[in-house]
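Please read the structure below before turning to the comments.
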Amino acid sequence: MKRLPPLPALHTFLVTAEHCNFTRAAQHLHITQGAVSRQIAGLEAHLGYALFQRQARGLSLTAEGKDWLPRVQQVFALVEQGVREVGGRSATLQLKAPTCVMRWLLPRLMEWQALRPDIPVELTTTVQHGVDFRQDGFDAAVIYGDAPDHGLRVRKLFDEQLTPVCAPSLLAGGPPLAHLDDLAGHMLLHPSRDEHDWRLWLQAAGARLELQGRRQHFETLDMAMAMASQGTGVAIGDWALIGDDLRSGRLCMPFALKVRTGKGYYLASPDKGMPVGLIELLDWLEERASQ
């Protein structure tokens, strides 16, 4: 069995074939032109045939060189993929997410780390709802808003569905909250200053309530939910994000109506090769969202 050619010589062949010039190949490889020439000559001697035709104005591939080039390109592409994927199994994944999704995402990531301590995740929170992977050094991100359509790999988690929520104690011992008009007797908690979410839900419910009574504004959805769970008032929340609060009894829904806003939450990643660990994480989060 003939001995395999040395890997450094094959790499030198690949770079030289792409430039068809010893000088430029040497500059790319950070070695001398003479070293490039000697490695190519040694490789040709090992194979028993020429790979390049030496010409006054440069180099050109021989028929054998042309046959070798795609094979060598494939070999190094597989090596590069292996380095990226195998290394990705132990490297910490960088995930970005808006604060509004923390009530759902954080418990799932803690569950993931218990199941897969070999694939750690570092989470960065932000008030921004989008991501620019060309500038941000993240492996993936949760995006809130309209479905992205600009060169990203996207998986849908769930739609935004608005519904009023409050503490069970408020229903048990506070002013009545059985009909839409009863909302006028309660403090309304807003997760944003524009009051858009409450207005959208009230309009869909057919309520004539004016948002001129007692109300409190917060900077984030999480803050509004925290105050609602303490019995302070009735907050407008995203049903998809507060399932844990509803199951645990921290919050309850005084009305059954859930209003879709047309927006949603999506998992996004760059439109290029991804580490195996990242694919496993995104698959798992997508499955948890479907439950």
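Which number in (1) under 22 Å from residue 79 (Cβ atoms); (2) surrounded by 18 or more Cβ atoms within 10 Å (Cβ to Cβ) marks the one condition that residue 22 misses?
For residue 22, the exception is condition (1).
Out of 173, 137, 145, I need the residue that is out of contact with any Cys (no Cβ under 6 Å at 6 or more places or on another chain) and either among the hydroxyl-bearing types (Ser, Thr, Tyr) or over 18 Å from residue 267 (Cα atoms) (or both). Which one?
On the way: 137 fails: either among the hydroxyl-bearing types (Ser, Thr, Tyr) or over 18 Å from residue 267 (Cα atoms) (or both); 145 fails: either among the hydroxyl-bearing types (Ser, Thr, Tyr) or over 18 Å from residue 267 (Cα atoms) (or both).
Being out of contact with any Cys (no Cβ under 6 Å at 6 or more places or on another chain) and either among the hydroxyl-bearing types (Ser, Thr, Tyr) or over 18 Å from residue 267 (Cα atoms) (or both) holds for just one of 173, 137, 145, which is 173.
Take residue 148 and tell me if it is open to solvent by 60 Å² or more (accessible area, probe 1.4 Å), out of contact with any Leu (no Cβ under 6 Å at 6 or more places or on another chain) and not polar (S, T, N, Q).
Considered against the rule, which asks whether it is open to solvent by 60 Å² or more (accessible area, probe 1.4 Å), out of contact with any Leu (no Cβ under 6 Å at 6 or more places or on another chain) and not polar (S, T, N, Q), residue 148 comes out as no.
Condition (residue is more than 24 Å from residue 128 (Cβ to Cβ), touching a residue at least 12 places away in the same chain (Cβ under 8 Å) and exposed (fewer than 14 other Cβ atoms within 10 Å of the Cβ)) applied to segment 181-192: is it met by at least one residue? Full working, then the answer.
Looking only at segment 181-192, we keep the residues that are more than 24 Å from residue 128 (Cβ to Cβ), and these are 181-188.
Those still in the list that are touching a residue at least 12 places away in the same chain (Cβ under 8 Å) too: 181, 183-184, 186-188.
Then drop every residue that is not exposed (fewer than 14 other Cβ atoms within 10 Å of the Cβ), which leaves 181.
Within segment 181-192, one or more residues are more than 24 Å from residue 128 (Cβ to Cβ), touching a residue at least 12 places away in the same chain (Cβ under 8 Å) and exposed (fewer than 14 other Cβ atoms within 10 Å of the Cβ).
What number of residues within segment 128-145 are in contact (Cβ under 8 Å) with a residue 40 or more places away in the chain and open to solvent by 30 Å² or more (accessible area, probe 1.4 Å)?
Taking segment 128-145 as the starting set, the residues that turn out to be in contact (Cβ under 8 Å) with a residue 40 or more places away in the chain are 131, 133, 136-145.
Adding the requirement that they be open to solvent by 30 Å² or more (accessible area, probe 1.4 Å) leaves 133, 136-139, 144.
Residues in segment 128-145 being in contact (Cβ under 8 Å) with a residue 40 or more places away in the chain and open to solvent by 30 Å² or more (accessible area, probe 1.4 Å): 6 in total.
Among residues belonging to segment 151-180 that are within 33 Å of the chain's Cα centre (by Cα) and open to solvent by 70 Å² or more (accessible area, probe 1.4 Å), point out the one that is modelled with the lowest pLDDT.
Looking at residues that are within 33 Å of the chain's Cα centre (by Cα) and open to solvent by 70 Å² or more (accessible area, probe 1.4 Å), I get 153.
Only one residue in 57, 71 is within 29 Å of residue 275 (Cα to Cα) and among the charged types (D, E, K, R), so which one is that? If you could, list the steps in order and put the result at the bottom.
Details: 57 fails: within 29 Å of residue 275 (Cα to Cα).
Being within 29 Å of residue 275 (Cα to Cα) and among the charged types (D, E, K, R) holds for just one of 57, 71, which is 71.
For segment 238-283, what are the residues that are open to solvent by 40 Å² or more (accessible area, probe 1.4 Å), under 26 Å from residue 220 (Cβ atoms), in a helix (DSSP H, G or I) and not small (Gly, Ala, Ser)?
Hits for segment 238-283 are 239, 244, 246, 247.
How many of the residues in segment 191-205 are among the basic types (Lys, Arg) and farther than 18 Å from residue 98 by Cα? First the steps, then the outcome.
Initially, segment 191-205 is screened for residues among the basic types (Lys, Arg), giving 193, 199.
Narrowing the set further to residues that are farther than 18 Å from residue 98 by Cα leaves 199.
Residues that pass the stated criteria total 1.
Among the residues of segment 198-213, write down those that are surrounded by 12 or more Cβ atoms within 10 Å (Cβ to Cβ), out of contact with any helix residue (DSSP H, G or I) (no Cβ under 9 Å at 6 or more places or on another chain) and either touching a residue at least 60 places away in the same chain (Cβ under 8 Å) or over 13 Å from residue 236 (Cα atoms) (or both).
200, 204
How about segment 31-65: which of its residues are modelled with pLDDT under 85 and open to solvent by 40 Å² or more (accessible area, probe 1.4 Å)?
If the condition is that a residue be modelled with pLDDT under 85 and open to solvent by 40 Å² or more (accessible area, probe 1.4 Å), then 55, 56, 57 are the ones that fit.
Could you list, ordered by first residue, the pairs with Cβ atoms under 7 Å in which the first is in segment 66-79 and surrounded by 13 or more Cβ atoms within 10 Å (Cβ to Cβ) and the second is not in a helix (DSSP H, G or I), at least 6 apart or interchain?
68/51; 69/61
Between residues in segment 14-26 that are of a type outside the set (A, V, I, L, M, F, W, C) and residues that are open to solvent by 40 Å² or more (accessible area, probe 1.4 Å) and part of a helix (DSSP H, G or I), which pairs lie under 6 Å by C-beta distance while being six or more apart or on different chains?
Between residues of segment 14-26 that are of a type outside the set (A, V, I, L, M, F, W, C) and residues that are open to solvent by 40 Å² or more (accessible area, probe 1.4 Å) and part of a helix (DSSP H, G or I), the close pairs are 23/33.
The values are calculated or read from the model by the stated rules, or taken from the named source; none is laboratory data. On a predicted model such as this, the values are computed, not experimentally measured, just so you know. All Cβ positions, even for glycine, are placed from backbone atoms using ideal geometry, and neighbour counts span all protein chains on display. When the accessible area is computed, the model is the full protein with side chains, heavy atoms only, and any ligands, DNA or RNA have been set aside. Shrake-Rupley method; radii C 1.70, N 1.55, O 1.52, S 1.80 Å.
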